[in-house]
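Nothing in this text is a laboratory measurement; each read-out follows from the coordinates by a stated rule. Quick caveat: nothing in here was measured; it's all calculated off a predicted structure. No Cβ is skipped: glycine too gets one built from the backbone with ideal geometry, and neighbour counts run over all protein chains shown.
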Amino acid sequence: MSCEEPTTSPTPENNITVVSSDGKEFLLDLKLTEQSETLARLISNFEYDRTDVKKDPVPLGNITSAQMQKIIEWLQHHRYYPKWEQNDIHYSTSFTFETWVEEYLNIPNNEMFELLNAANYLNIPRLFSTICRIMASRITGKSAEQIRTVLNIKTDVKNDVYTGIPIQEDSSSSEDGMSEISLSPSPPPI
Amino acid sequence: MKLFSLPYLAYSRIITSMNPIEVISLSFCSKKSRNIIKQIHFHNDYAGISTNAKKCKTPVFQLQISTGGRHLSIPFQTAPRSARCKGSRFTGTIEGVKHYFRCTQAPTGSIIYSNFPKSYFKIVRYMLDLVRARLPYLDLDLNVIDDLKGFITEPCMKSVSGIKVVSETITAEKLSIFFNNIENPVKHVHIESKVEGQVST
């Protein structure tokens, strides 16, 4: 999906200032903050959407300026996208992403985890779900050993009992129809 | 930063976005990863044992943990020759014993074989326990199961509530062995077979 992005520069009436953990200030258009449930609720609670209310800078103590910059890039790209639906979060299993998203999230896992943390803190469901699916797609087809490396997991499995039985092969069937295996089509009614 | 340093919501969403084959591989990474996976709520879309899933008749356990996602299949047979050429290998410890698995990819899912013959139910139990799933139904040709009593008295069969028998013909003796050994009340039974002999009740 792609949306046209008319260029509008934020004015004091339609923006708020957020401050990252390292003290850098960012001017955010109120339209962009609609994608963040945390910011949207805060704006609603303090009535920052009214022009006659004084807007204090919002401190975001868990988010660095680098992460904030990355998040703003995301918010700007998705500015005119339809609202994220709850069902998409739970049942979207696709590992296919638009080119922009693939380029945007072409970052090391460490940065990805930090961005995920920030998306979780700001409650940006589309970004949160996309990062989770990207992370899941990065380990597709990987063995336990490779997953340990990708996800930075230390093993605590010791003293496995290996009885030395070689992998058994079914010598009776060389053509086994395995490529045609599929989910059983007709489960009985339960 | 590590996966499990993330908030629960974050790592659980990553894990539930994975395919079952990667979930089982992740569980083999460490005891901690296995325990954490067991705390996650999966959307178990499909779990069952069927003899209809594969061209050559053999029971196959199948699990799908997300709608439209890839499924995991565990055929109750040893690895065929083709799996050696096409399949990838990985190891995993189940009940303290290290298994050497072969994994092949079908268009809609992954198929795994262990180096231990007759360990199918151990792997099935491990997988069901991992994603906290039950085995709700069976879809079976009883003629392809050698040990009917051993099959139906497996602990994971206690959750079965629906059974469909799809054998073309079946002897009354086999039906009796199968149904007389069911340890829990099964709500739905469909027998689509010609029965030879008289069934004792």
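For residue B:158, the shell of other residues with beta-carbons less than 14 Å away shows a net charge of 0, using +1 for Lys and Arg and -1 for Asp and Glu. Orientation-averaged projection of the stretch A:12-150 equals 9.2 nm² [convex hull of Cα atoms, one quarter of hull surface area]. Looking at the stretch B:1-84, the trypsin sites (Lys or Arg not before Pro) that sit in a DSSP loop and have at most 14 other Cβ atoms within 10 Å of their own Cβ are B:2, B:55.
The convex hull of the Cα atoms of chain B, projected and averaged over all directions, covers 12.2 nm². Quantify how much of the Cα-Cα distance distribution of the stretch B:49-132 extends past 15 Å, in percent. Roughly 58 percent, once rounded to a whole number. Taking other residues whose beta carbon is less than 14 angstrom from the beta carbon of residue B:174, and scoring Lys, Arg as +1 and Asp, Glu as -1, yields -4.
Restricting to bridges with both residues inside the stretch B:45-196, how much of the DSSP beta-bridge set is antiparallel, in percent to the nearest 5? Once the DSSP bridges in the stretch B:45-196 are tallied, antiparallel ones form about 60 percent.
Taken about its Cα centre, the stretch B:45-196 carries a charge dipole of about 700 debye when Lys and Arg each add +1 at the Cβ and Asp and Glu each add -1 at the Cβ. Taking Cβ atoms as reference points and 15 Å as the exclusive limit, the residues near residue A:149 contribute a net charge of +3, counting Lys and Arg as +1 and Asp and Glu as -1.
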